[in-house]
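Everything below concerns the one structure shown next.
The values are calculated or read from the model by the stated rules, or taken from the named source; none is laboratory data. On a predicted model such as this, the values are computed, not experimentally measured, just so you know. Backbone-built Cβ (ideal geometry, glycine too); neighbour counts: all protein chains shown. For accessibility, only protein heavy atoms count, side chains too; no ligands or nucleic acids. Shrake-Rupley method; radii C 1.70, N 1.55, O 1.52, S 1.80 Å.
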Amino acid sequence: MAADAKRIELAAGSKLVARYLLLALVAAIVLFPVYAAVMVAQKSLTELGSLDVLVPDRIDLGSVPTALGEARMGRYLVNSAVVSVAIVIGQVVTSVLAGYALAFLDFTGRRALLAAVAASLIIPFEVTVVVNFETVQQLGGVDTYWALVLPFVAFPLGIFLMRQAFLGIPRDLLDAAVVDGYGHLGILRSVALPLVRSTVAALSLFSFLLAWNQYLWPLLVTNRDDRRTVQIGLKQLTGAVGPDLGVIMTATLLATIPILVLLVVFERQLIRGLTAGSVKG
Amino acid sequence: MATVKLAAVSKRFDGATLAVDDLDLDVADGEFMVLLGPSGCGKSTVLRLIAGLERPDDGEISIGDRVVNDVDAKERDIAMVFQSYALYPHMSIRRNIGFPLKPRGIARPDRDKEAERVAAQLGLTDVLDRKPGQLSGGQRQRVALARAMVRRPSVFLMDEPLSNLDAKLRIETRADLVGLHEQLDATVVYVTHDQVEALTMADRIAVLDTGRLQQLGTSEEIYDRPANLFVAGFVGTPPMNLWSATVVDDAAVEVAGVRIADASFRGVWSGGSAVVAGIRPEAIELAGDGVPGTVGWVEDLGHEHLIGATTPAGDVACLRWTERGKPPRIGDEVYMRPDPAQLHWFDPATSERIPWP
Amino acid sequence: MAVKRSRRRETRLATALVAPAVLILGVFVLYPLLRTAWLGFFVQDPFGRNSRWVGLDQYRDVAGSDSFLNSLGVTVRFVVLTVPTALVLGLLLATLANQQLRGIRLFRIIFASTIATSVAVASMLWLVLLEPSTGIVNQVLEAAGRDPVNLLNDPDTALATVALTTVWQSLGLVFVVTIAAMQSIPEVLYESARVDGHGRVSRFLRITVPLLGPQLMFLTVVLTIGAFQSFGQIDILTEGGPQDSTNVMVYSIVQQLPLDRGAASVEAVLLFLVVGALSFVQFRWLDRRVHYGS
């Protein structure tokens, strides 16, 4: 009996080890590109020609200044931050205002507007890029911040998310505010907006991710280095620092750090935002 | 303080039937008026119409001597207590109570002072800095009340304010509310589906069903002289027994062939007419003869038994049995004798009360 | 709120509230779509002059052209290569991570980690891995005594390689969405299935997968739309080559943009028809979920 019990225990133990081994193996595969990047980032040009590059033999941040300076990642990061924050603020403001109106106000053209927002929801930006580029060119917007920001300041999905969140507020709370003497603007500021904070947070995070990761539009409307955002800055790296893969990988990792920080801080909102729906990858 | 007057008010929600149908109602200054009725009877809609949360399709609503049909809720000088309490979850109790003062241009320190004054009155001083989520049900209910009181409105509107409390607290709060009403000397319009609340608290009760006023009167009037079959069946626990009866000549009424009353319907009802006899459970005795019935259920309430029986005509008879000894058992044949002095008569065609004697 | 003030007053307030959104959506979404369709009716010379009305001719010509059919085919192949693969792998990761083990959180973070990468970042990581002379992939092959490869430069492998990087980048998203849903499946369902004698695989197929239906549907549409819109990975990894074997629709539109505005417009409209239909499906589905769900 005791021997049997021991055998079962052993079997369970080895099963557990097998599970961990499988998890570790899969984790290693998923993580490999990032691991390799971290290793390459710390190696000099001369070390790249061998597999030793994968050996974690030191912590060397030597390529960070090169990436930030010579490779202009510092400038790109600042540009991306400015543009992304501006887009987030714009989207939140327009979504909150329009979402509130579509949820609670009775006005001429309400149904038409809902239909128009729904239509905008299914029009991918890639389709409108031909004419938007023309518009920005005609308005002299190439290499300006506003050209990077303005087209994204209204976000159909954001408008719908906010409308849905407002509609989810218990009706009694809104009625109580009406009886307490508040008009729509007062209700929006004092009751409705504080009650949909979590949706605003999810929307902000989601829209920041989309804005930060944008590629096509910044590529089209920026030519000058001092206006480029970080994503398209990455592609220019090979031109800027030549074949120094270490600097390129450092720069690539630097482009990811702001997002990593955000994700760790706002894990909960991220899941909400993602499940609420994404159209653009 | 102020009166509230509804004149021929109707409200229809898009396409559906009338939620409020040609309603006339006068609430006197300082009166505690209860709107009583089952869910869907239109009582909450009436309250929302008075509050200005809904607009009537027809008729006129006045508060004091002012017609308020086109007056915004915030200009009506009313306060409302919601069934859900409608406390703002993101604000402290202090800010919740002071919230209605803000649009009136009262500065923060004065708002806080007023909130504290009302909170003290309701025993909420200790929880002023908490959020609604941290309060018990009874405390939340009082915060909702405090928020209504802080403005010193001329009319209080209360929508089932006690229905989310447990039974014991509900009874205590009932008494508190009556005391508060006397102390504030305010006009109150109070909506409930609970007849005990209505009977114990109201100066007058307006019984509503299908959007129409069924009866308006004091608790005694409603209980002792129900105006129609609906009120008779709705008010009273257990409800009034309603038996089909026949006028056998112009001076007697029979149920299942048994004479239960000598009634004088001369000139109004001829022999053979059908009427409905209403008898409260406490007005029936078991005796050696009377209307026969088969006992269907017996409930032991401790101090008394409730006995349910079925008459030969299929009507349900419910009666209180307060004697000592063994109560009848299920299946027993019993004979029921109603107290002739406590009978109510209704016209089965119109459901209206027949004035008698 | 039920208060219906005078409609005019609400209309004025509403106009002010929706104006910013309407303006932006009008100028940068609705107007461009209509104008793009309109531009498709004109041809012009490479300098953007001498615009000439040709009606539907250009639509017909572009839709029938070899280059358009090539990019349509490439895009569809790209969708087929990426979407099912990402779904299956992500689902497997979620299943693997949906165990009660000490330290499982660490593995969940690792599996979700690619969500932090952008298309450009993921492409740069893989570009360096696949770099022909010093990239790790060829180092490994060399160490194993095999010939070095140049996957991104070979028309037979380029698209699949780009697809691989895209799948890797999407894994985090699929994982996060599916594991969140998996954890909300009540344990009692599995216990009752176990009592009924269902094995591990049977439980996965009969309980997990059907209950993840909404999430899998959501991911399918999102990934498909994303794949149709791919641009960054192509621009960084292959620039549409070699021999147009990775020239997806959006890349083709952007290439045409400065050269032939009319043709670019037509391709954009055709892309809209495909993606618009998919988005519509997703929107309807989302709308229903928001209304009837939770």
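When you go through B:Arg111, B:Arg48 one by one, which is the residue that is modelled with pLDDT of 90 or more, within 14 Å of another protein chain (Cβ to nearest Cβ) and under 26 Å from B:Val196 (Cβ atoms)?
After applying the criteria, what remains is B:Arg48.
For region A:29-44: of the residues being open to solvent by 20 Å² or more (accessible area, probe 1.4 Å) and within 9 Å of another protein chain (Cβ to nearest Cβ), which is nearest to A:Asp244 (Cα to Cα)?
Within region A:29-44, the subset open to solvent by 20 Å² or more (accessible area, probe 1.4 Å) is A:29, A:31-32, A:34-35, A:38, A:42, A:44.
Of the ones still in play, those that are also within 9 Å of another protein chain (Cβ to nearest Cβ) are A:31-32, A:34.
Working: A:Leu31: 22, A:Phe32: 20, A:Val34: 17 Å.
The residue in question is A:Val34.
Which is farther than 21 Å from C:Trp126 by Cβ, more than 14 Å from chain B (Cβ to nearest Cβ) and small (Gly, Ala, Ser), of A:Ala202, A:Ala251, A:Ala176, A:Ala255? Before the answer, list the steps.
Numbers: A:Ala251 fails: farther than 21 Å from C:Trp126 by Cβ; A:Ala176 fails: more than 14 Å from chain B (Cβ to nearest Cβ); A:Ala255 fails: farther than 21 Å from C:Trp126 by Cβ.
Of the residues listed, the single one that is farther than 21 Å from C:Trp126 by Cβ, more than 14 Å from chain B (Cβ to nearest Cβ) and small (Gly, Ala, Ser) is A:Ala202.
Would you check which residues across region B:46-82 are β-branched (Val, Ile, Thr), open to solvent by less than 20 Å² (accessible area, probe 1.4 Å) and not in a strand (DSSP E or B) and list them? Break it down into steps so the answer makes sense when it comes.
The initial filter retains those residues of region B:46-82 that are β-branched (Val, Ile, Thr), namely B:46, B:50, B:61, B:63, B:67-68, B:71, B:78, B:81.
After this cut, where a residue has to be open to solvent by less than 20 Å² (accessible area, probe 1.4 Å) as well, the list is B:46, B:50, B:61, B:63, B:68, B:78, B:81.
Across region B:46-82, the qualifying residues are B:Val46, B:Ile50, B:Val68.
Could you run through region C:107-141 and say how many residues are over 18 Å from A:Val230 (Cα atoms), at pLDDT 85 or above and more than 8 Å from every other protein chain (Cβ to nearest Cβ)?
7
Out of region B:308-334, which residues are open to solvent by less than 50 Å² (accessible area, probe 1.4 Å), in a strand (DSSP E or B) and more than 21 Å from B:Ala245 (Cα to Cα)?
B:Trp321
Please determine, by comparing only the residues of region B:151-183 that are within 24 Å of B:Asp77 (Cα to Cα) and either outside the structural domain of B:Ser39 (by TED's automatic domain parsing) or basic (Lys, Arg) (or both), which one is surrounded by the most Cβ atoms within 10 Å (Cβ to Cβ). Working first, answer last.
Kept after step one, since they are within 24 Å of B:Asp77 (Cα to Cα), are these residues of region B:151-183: B:151-162, B:176-183.
Adding the requirement that they be either outside the structural domain of B:Ser39 (by TED's automatic domain parsing) or basic (Lys, Arg) (or both) leaves B:151-152.
On the way: B:Arg151: 20, B:Arg152: 13.
Only one residue tops the list, namely B:Arg151.
Just to be sure, is A:Pro170 in the same structural domain as A:Ser84 (by TED's automatic domain parsing) and either open to solvent by 40 Å² or more (accessible area, probe 1.4 Å) or touching a strand residue (DSSP E or B) at 6+ places or on another chain (Cβ under 6 Å) (or both)?
Yes: the conditions hold for A:Pro170.
If I go through region A:189-203 residue by residue, how many of them are hydroxyl-bearing (Ser, Thr, Tyr) and either open to solvent by 40 Å² or more (accessible area, probe 1.4 Å) or modelled with pLDDT of 90 or more (or both)?
So the answer is 2.
Which of the residues spanning region B:234-256 are under 29 Å from the mean Cα position of the chain (by Cα), closer than 15 Å to B:Pro340 by Cα and among the hydrophobic types (A, V, I, L, M, F, W, C)?
Those that are under 29 Å from the mean Cα position of the chain (by Cα), closer than 15 Å to B:Pro340 by Cα and among the hydrophobic types (A, V, I, L, M, F, W, C): B:Met240, B:Leu242, B:Trp243, B:Ala245.
Please find, among B:Val248, B:Val275, B:Val291, B:Val253, the residue that is open to solvent by 10 Å² or more (accessible area, probe 1.4 Å), β-branched (Val, Ile, Thr) and either closer than 19 Å to B:Asp315 by Cβ or at pLDDT 90 or above (or both).
B:Val248
Please go through region C:1-17 and pick out each residue that is modelled with pLDDT under 90 and more than 7 Å from chain A (Cβ to nearest Cβ).
C:Ala2, C:Arg5, C:Ser6, C:Arg8, C:Arg9, C:Arg12
Of the residues that make up region C:60-75, is at least one loosely packed, with under 12 Cβ neighbours inside 10 Å, facing chain A (nearest Cβ under 8 Å) and more than 23 Å from the chain's Cα centre (by Cα)?
No, because not a single residue in region C:60-75 is loosely packed, with under 12 Cβ neighbours inside 10 Å, facing chain A (nearest Cβ under 8 Å) and more than 23 Å from the chain's Cα centre (by Cα).
Among the residues of region C:151-163, is there at least one that is facing chain A (nearest Cβ under 9 Å), crowded, with 22+ Cβ neighbours inside 10 Å and at pLDDT 85 or above?
No: region C:151-163 contains no residue that is facing chain A (nearest Cβ under 9 Å), crowded, with 22+ Cβ neighbours inside 10 Å and at pLDDT 85 or above.
Which of (1) open to solvent by 60 Å² or more (accessible area, probe 1.4 Å); (2) of a type outside the set (Asp, Glu); (3) within 25 Å of B:Gly40 (Cβ to Cβ) is the odd one out, the single condition B:Pro109 does not satisfy?
Of the numbered conditions (1) open to solvent by 60 Å² or more (accessible area, probe 1.4 Å); (2) of a type outside the set (Asp, Glu); (3) within 25 Å of B:Gly40 (Cβ to Cβ), the odd one out for B:Pro109 is (3).
Go through (1) in a helix (DSSP H, G or I); (2) modelled with pLDDT under 90 and name the single condition A:Ile123 misses.
For A:Ile123, the failing item is (1).
Starting from region B:14-42, keep only residues that are outside the structural domain of B:Val196 (by TED's automatic domain parsing), then list their pairs with residues that are at pLDDT below 90 and open to solvent by less than 20 Å² (accessible area, probe 1.4 Å) whose Cβ atoms are within a distance under 7 Å, requiring at least 6 positions of separation or different chains.
none
Among the residues of region C:46-59, are any assigned to a helix (DSSP H, G or I), more than 11 Å from chain A (Cβ to nearest Cβ) and buried (at least 17 other Cβ atoms within 10 Å of the Cβ)?
yes
Just to be sure I understand the filter: pairs with C-beta atoms under 6 Å, separated by 6 or more residues or on different chains, first member in region C:230-250 and farther than 16 Å from C:Val79 by Cβ and within 14 Å of chain A (Cβ to nearest Cβ), second member among the basic types (Lys, Arg) and surrounded by fewer than 24 Cβ atoms within 10 Å (Cβ to Cβ). Which pairs pass?
Sorted first by the residue in region C:230-250, then by its partner, the pairs are C:Ile236/A:Lys235.
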